[in-house]
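**Student:** Before I ask anything, let me first share the structure, which is written out below as structure tokens.
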There are 2 protein chains.
Amino acid sequence: MKGERTRQSILDRAVDVASLEGLEGLTIGRLADELKMSKSGLFAHFGSKEDLQIATIEAAAQRYISEIFTPVLQQPRGYPRLVAICDSWLSYMRRGVFPGGCFFAAASFEFDSRPGLVRDLVRRMMDDWIGALERSIRMAQEEGHLGAEVDPSQLAFELNALFFGANFDFYLRNDTNAIEKAEKAVRARLEGLRIEPKRARKMKKTA
Amino acid sequence: MKGERTRQSILDRAVDVASLEGLEGLTIGRLADELKMSKSGLFAHFGSKEDLQIATIEAAAQRYISEIFTPVLQQPRGYPRLVAICDSWLSYMRRGVFPGGCFFAAASFEFDSRPGLVRDLVRRMMDDWIGALERSIRMAQEEGHLGAEVDPSQLAFELNALFFGANFDFYLRNDTNAIEKAEKAVRARLEGLRIEPKRARKMKKTA
DNA sequence: ACATAAAACGAACGGTCGTGCTATTCTCTC
DNA sequence: GAGAGAATAGCACGACCGTTCGTTTTATGT
């Protein structure tokens, strides 16, 4: 099917444009021009602007997952994998996977008070992301690498905040040390909570 | 002058709308309808959309400053004032000073990769804000409340990130504990760096 | 190679955008 | 309270928005 290939190339570009101009700033005419196709030809792949936005978010999520999670799945469960996820996020920022900064940070702030299907999806995606962070924190607890008193939801909140902070400092303020600052804060926070390997006890229990 | 009063009422509304729909989503026609005046009558106060956006940002900054900074200036310099600023920010979030969440968090992520006068102004505003945070951290060092090894730019980065994180968690994820999470993280971070007044040491337990 | 279905196009629609211009209405000052 | 000047309204323009529809091109299966 040729259609599927075209659709994918549209979405690839749409993701980049949306990371730069926002999901609402993404327009069908402009996208069509950039891809040298007609507005109506492009439009036919989606049926509405909202559907295009939704498909764009889904495409961005695929990129996000494959850039951040796929590489760390081979890391050993627990603390090492948690650190790997954080490093992976910061590397994803450094590599400029989306030209306008983290797609989901931008979409989160763009749609945080705009009811509709798009907002609902953005929220679901971010719930998944925070949920994944929490899960990896819990795994580290189960492996005995983090104390049981650590609140996964609290720690996930803090780590995510530092990531968004890095995006802000890097893309708006053009602080070349933005990512190092986030890295430093993340490392200090995690190491402060870590149970040192020598004295680490294995406490494999399902919560 | 009547014009000045009208202009102010336009900007009051513009700030609210922009916090909800973004500075780009703010349109002259819609704003005129809401204020029951003509597009051209409203437009005449500014001369261009970009000027309206810039005036809106300046109006939002006034609100920001009067809601966050003015109340804390009577706090004693140093650690108490630094804590007061943080508390004040979180209270500002809790009170819903802008209906769509922190105006500047939204504007920061909307314009972080959109060259132009608007972006330049948003950036200057955020530089000022971070600068103010850094200054209050340095004051606390000068007063001997924080160790000299603390890097003001690093700490300001972290505090700001936690504030933005609260905005994200509260407005997109509707987490009613968002602000408490940020508060907890901020308090823990600051207390960890604090040099306890010699005579006033007391045991504190944190849940 | 041909029939058929999929994909892309071109033109047009009603709306809204930002922005001019001119005319009218209101508000201050004397 | 009248005249001057500021403030607002009315209307039109061109550009672009998302969307529809009928046509033409291109790809696919036999």
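**Student:** Using a 10 Å Cβ count of at most 12 others and DSSP loop calls, identify the longest part of chain A lacking such trypsin sites (Lys or Arg not before Pro). Mind dumping the intermediate values first?
**Tutor:** Values: sites that count: A:LYS36, A:ARG201, A:LYS202, A:LYS204, A:LYS205.
Looking at chain A, A:37-200 is the longest stretch - no exposed trypsin sites (Lys or Arg not before Pro) with at most 12 other Cβ atoms within 10 Å.
**Student:** Modelling each spin label as a point 7 Å along the Cα-to-Cβ direction, I'd like the A:ALA44/B:MET37 distance in nm, to one decimal.
**Tutor:** 4.8
**Student:** By how many degrees, between 0 and 90 and to the nearest 10, does the Cα long axis of helix A:79-95 differ from the longest principal axis of chain A?
**Tutor:** In chain A, helix A:79-95 runs at an angle near 30 degrees to the longest axis.
**Student:** Also, I was wondering about something else. Any idea what the A:PHE69 label distances to the other copies are, label 7 Å down the Cα→Cβ vector, nm, shortest first?
**Tutor:** Nearest first, the other copies' label points are 4.3 nm away.
**Student:** While we're here: Could you tell me whether region B:102-207 comes out rounded, prolate or oblate from its Cα gyration tensor? Rule is a ≥ b ≥ c as square roots of the eigenvalues, rounded for a/c under 1.5, then prolate if a/b exceeds b/c, otherwise oblate. Mind dumping the intermediate values first?
**Tutor:** Numbers: a/c = 3.92, a/b = 1.48, b/c = 2.64.
Oblate is the answer for region B:102-207, as a/c is 1.5 or above yet b/c matches or exceeds a/b.
**Student:** Quote the relative contact order of region A:1-117 in percent (integer), defining contacts as alpha-carbon pairs under 8 Å separated by 6+ residues. Could you put the intermediate results ahead of the total?
**Tutor:** Values: 79 pairs, mean separation 40.6, N = 117.
Normalised by residue count, the contact order of region A:1-117 is 35 percent.
**Student:** Within 10 Å, count the other beta carbons around each residue, average over each peptide in A:156-169, B:150-163, and list them highest first. Working shown, then result.
**Tutor:** Working: A:156-169: 25.5, B:150-163: 21.6.
Top to bottom by mean Cβ count within 10 Å: A:156-169, B:150-163.
**Student:** Okay, next question. What are the ³J(HN,Hα) values, in whole Hz, obtained from phi via the Karplus relation 6.51 cos²θ - 1.76 cosθ + 1.60 with θ = phi - 60°, for each residue of region A:156-164 in sequence order, with x given for Gly and Pro?
**Tutor:** Calculated HN-Hα couplings, in order: 4, 4, 5, 5, 4, 4, 5, 5, 4 Hz.
**Student:** Using Cβ contacts closer than 10 Å as the measure, can you line up B:ILE57, B:ILE179, B:ILE195 from fewest to most? Don't jump to the answer; show the numbers that get you there.
**Tutor:** On the way: B:ILE57 24, B:ILE179 19, B:ILE195 15.
Starting with the residue having the fewest Cβ neighbours, the order is B:ILE195, B:ILE179, B:ILE57.
**Student:** How many angstrom lie between the Cα centre of region A:127-173 and the Cα centre of region A:62-82?
**Tutor:** 13
**Student:** What angle do you read, to the nearest 10 degrees and between 0 and 90, between the alpha-carbon axis of helix A:117-142 and the longest principal axis of chain A?
**Tutor:** 20
**Student:** Right, something else. Run the quick spin-label model on B:SER153 and A:GLU191: label points 7 Å from Cα toward the beta carbon, then report their separation in nm to one decimal.
**Tutor:** Taking the simple label geometry, B:SER153 and A:GLU191 are separated by 2.1 nm.
**Student:** Per-residue Cβ counts within 10 Å, from other chains only, averaged over B:167-178: what number is that? The partial results should precede the final answer.
**Tutor:** Details: counts 5, 10, 9, 1, 5, 12, 7, 2, 4, 0, 3, 1.
Average per residue, whole number: 5.
**Student:** I'd like the Kirkwood hydrodynamic radius of the protein assembly as shown, using the inverse of the mean 1/r over distinct C-alpha pairs, in Å. Don't skip to the end; give the middle numbers.
**Tutor:** On the way: mean 1/r = 0.0436 Å⁻¹.
Kirkwood hydrodynamic radius for the protein assembly as shown: 22.9 Å.
**Student:** Separate question: Let me know the mean shielding of A:159-166 by other chains, meaning the per-residue number of their Cβ atoms within 10 Å of its Cβ. Spell out each step's value before the answer.
**Tutor:** Details: counts 1, 5, 14, 7, 2, 9, 9, 2.
Per residue, the average neighbour count from other chains is 6.
**Student:** Defining a contact as two alpha carbons under 8 Å apart and six or more residues distant in sequence, what relative contact order in percent does region B:83-155 show? Don't jump to the answer; show the numbers that get you there.
**Tutor:** On the way: 23 pairs, mean separation 13.1, N = 73.
Contact order relative to length: 18 percent.
**Student:** Let me ask another. Rank B:SER66, A:THR27, A:ILE179 by how far each Cα sits towards the positive end of the charge dipole of the protein assembly as shown (+1 on Lys, Arg Cβ; -1 on Asp, Glu Cβ) and give me just the farthest.
**Tutor:** Working it through, the farthest residue towards the positive pole turns out to be A:ILE179.
**Student:** Right, another one. For label points placed 7 Å from Cα toward Cβ, what is the shortest-first list of nm distances from A:ARG173 to its copies?
**Tutor:** 2.3
**Student:** Take the alpha carbon gyration tensor of region B:87-159, find the square roots of its eigenvalues, order them as a ≥ b ≥ c, and report rounded if a/c is under 1.5; if not, report prolate when a/b exceeds b/c, else oblate.
**Tutor:** Working: a/c = 3.09, a/b = 1.56, b/c = 1.99.
In terms of gyration-tensor shape, oblate.
**Student:** So how tilted is helix A:49-68 from the main axis of chain A? Cα-based, degrees 0 to 90, rounded to 10.
**Tutor:** So the inclination is approximately 40 degrees.
**Student:** To continue, here is another question. At B:ARG13, with labels set 7 Å past Cα in the Cβ direction, how many nm apart are the copies from this one, shortest first?
**Tutor:** Shortest to longest, the spacings are 3.9 nm.
**Student:** On to the next question. First check a/c for chain B, with a ≥ b ≥ c the square roots of the eigenvalues of its C-alpha gyration tensor; if it is under 1.5, answer rounded, and if not, answer prolate when a/b is larger than b/c or oblate otherwise.
**Tutor:** On the way: a/c = 2.46, a/b = 2.17, b/c = 1.13.
The shape class here is prolate.
**Student:** I would also like to ask the following. Compute the relative contact order of chain B as a whole-number percentage, counting only Cα pairs closer than 8 Å that sit 6 or more residues apart in sequence.
**Tutor:** On the way: 182 pairs, mean separation 42.2, N = 207.
Relative contact order here is 20 percent.
**Student:** What average count of beta carbons from other chains do you get within 10 Å of the Cβ of residues in A:116-126? Spell out each step's value before the answer.
**Tutor:** Numbers: counts 0, 0, 0, 1, 0, 0, 1, 3, 0, 0, 4.
Taking the mean over all residues of the peptide, I get 1.
**Student:** Continuing with this model, one more query. Determine the calculated [θ] at 222 nm for chain B from helices alone, applying -39500 (n - 2.57) to every DSSP H run no shorter than 4 residues and normalising by the residue count; nearest 500 deg cm²/dmol. Mind dumping the intermediate values first?
**Tutor:** On the way: 9 runs with 136 residues, N = 207.
Value at 222 nm, helices only: -21500 deg cm²/dmol.
Read-outs: derived from the displayed coordinates by stated rules, not from any lab. Bear in mind that the values here come from a model prediction, so they are computed numbers and not experimental data. Heads up, the Cβs are rebuilt from the backbone with ideal geometry, glycines too, and the neighbour counts pull from every protein chain shown.
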